[in-house]
1. So how many residues does the stretch 113-139 have that are free of Cβ contacts under 8 Å to residues at least 60 places away in the same chain and either open to solvent by less than 30 Å² (accessible area, probe 1.4 Å) or hydroxyl-bearing (Ser, Thr, Tyr) (or both)?
2. If I ask for residues that are closer than 14 Å to residue 13 by Cβ, out of contact with any Leu (no Cβ under 7 Å at 6 or more places or on another chain) and among the charged types (D, E, K, R), which ones from the stretch 33-58 would you list?
3. Name the single residue, out of those in the stretch 137-172 being of a type in the set (A, V, I, L, M, F, W, C) and in contact with a Phe, Trp or Tyr (Cβ under 6 Å, 6 or more places away or on another chain), that is nearest to residue 119 (Cα to Cα).
4. Go through the stretch 145-192 and count every residue that is surrounded by 18 or more Cβ atoms within 10 Å (Cβ to Cβ), in a strand (DSSP E or B) and among the aromatic types (Phe, Trp, Tyr).
5. Would you tally the residues in the stretch 85-100 being closer than 15 Å to residue 51 by Cα and small (Gly, Ala, Ser)?
6. Residue 110 fails exactly one of the following numbered conditions: (1) assigned to a helix (DSSP H, G or I); (2) open to solvent by 70 Å² or more (accessible area, probe 1.4 Å). What is the number of that condition?
7. Taking the condition open to solvent by 10 Å² or more (accessible area, probe 1.4 Å) and either touching a residue at least 12 places away in the same chain (Cβ under 8 Å) or in contact with a strand residue (DSSP E or B) (Cβ under 8 Å, 6 or more places away or on another chain) (or both), does residue 37 pass?
8. Quick test of your reading of the structure: residue 65 fulfils all but one of (1) surrounded by 13 or more Cβ atoms within 10 Å (Cβ to Cβ); (2) more than 15 Å from residue 20 (Cα to Cα). Name the failing condition by number.
Amino acid sequence: MMFPAGDMPSGTCLLMDFHGHILSVSMDRHVQATSILSHSTPLLFDLRHSCLKFQAEKVCLYTKEDRIFIAPRDMSCLQIQQEGRFIFLSNGPTYISSNPDGRVGLKNNRENWEKFFLLPYDGFVFLRCMMENGFHSGSLEQFFNAGKCIVKKFHVRYADISFSLEQNSHISFHDSTISYGNISIDQITVLNPAIYFCVFGNT
């Protein structure tokens, strides 16, 4: 699920569900929720135009055989309800809901499973590196190996620290200060290794 930052327009976000998964689109164009570490192609939200996008094209969603699919034209009366850093996607009285197992469907509820956090691309890259490569906590003065942080319930958790993604939507390689309210509680340095291999010889 990585793509060059230069290809990502400003104001474009990924959609993270309550379980810490990212909404993505499968090969047969149905919407699913996949791990932040997967290589699936994400469904995106354009903040400036308040619309869904897939591979730079505006898309809509429709239901077929109890699954949600994307389409290049308006085949539904999808309504986008934005509340701060979160959105709800509804089709009349029902809402798009993301299950813990990655299935995405429609429900009559409007609760946590129907709520999606608008995760900026820079924040996505930062969180992915935290989970994949490990990181250093300034307040704990401790290194954490890959897999030691959990993203769930719109929070990031490691050791005894838990922080809200909504309150820290700025998090990125440019600003990795973690806040709780108006108080700075940690400074994270993400390990982002690069490998350089060079061979010298006479032949």
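The values are calculated or read from the model by the stated rules, or taken from the named source; none is laboratory data. All figures in this text were calculated on a predicted structure; none of them were measured in a lab. Here the Cβ is made from the backbone with ideal geometry for all residues, glycine too, and neighbour counts use every protein chain on show. These area figures cover heavy atoms from the full protein model, side chains too; ligands, DNA and RNA do not enter into them. Shrake-Rupley method; radii C 1.70, N 1.55, O 1.52, S 1.80 Å.
1. Taking the stretch 113-139 and keeping what is free of Cβ contacts under 8 Å to residues at least 60 places away in the same chain, we get 114, 123, 134-139.
The next check asks that each one be either open to solvent by less than 30 Å² (accessible area, probe 1.4 Å) or hydroxyl-bearing (Ser, Thr, Tyr) (or both); those that pass are 114, 123, 134-135, 137, 139.
Count: 6.
2. 46, 48 - these are the residues of the stretch 33-58 that are closer than 14 Å to residue 13 by Cβ, out of contact with any Leu (no Cβ under 7 Å at 6 or more places or on another chain) and among the charged types (D, E, K, R).
3. Residues of the stretch 137-172 of a type in the set (A, V, I, L, M, F, W, C): 140, 143-144, 146, 149-151, 154, 156, 159, 161, 163, 165, 171.
Okay, now just the ones that are also in contact with a Phe, Trp or Tyr (Cβ under 6 Å, 6 or more places away or on another chain), so 144, 149, 154, 156, 165, 171.
Working: 144: 23, 149: 17, 154: 10, 156: 13, 165: 8, 171: 10 Å.
Out of the qualifying residues, it is 165.
4. Going through the stretch 145-192 one residue at a time, the tally reaches 2.
5. Here the count works out to 1.
6. Going through (1) assigned to a helix (DSSP H, G or I); (2) open to solvent by 70 Å² or more (accessible area, probe 1.4 Å) one by one, residue 110 breaks only (1).
7. Details: open to solvent by 10 Å² or more (accessible area, probe 1.4 Å): yes; either touching a residue at least 12 places away in the same chain (Cβ under 8 Å) or in contact with a strand residue (DSSP E or B) (Cβ under 8 Å, 6 or more places away or on another chain) (or both): yes.
Taking the combined requirement at face value, the residue satisfies it.
8. Residue 65 satisfies all of (1) surrounded by 13 or more Cβ atoms within 10 Å (Cβ to Cβ); (2) more than 15 Å from residue 20 (Cα to Cα) except (1).
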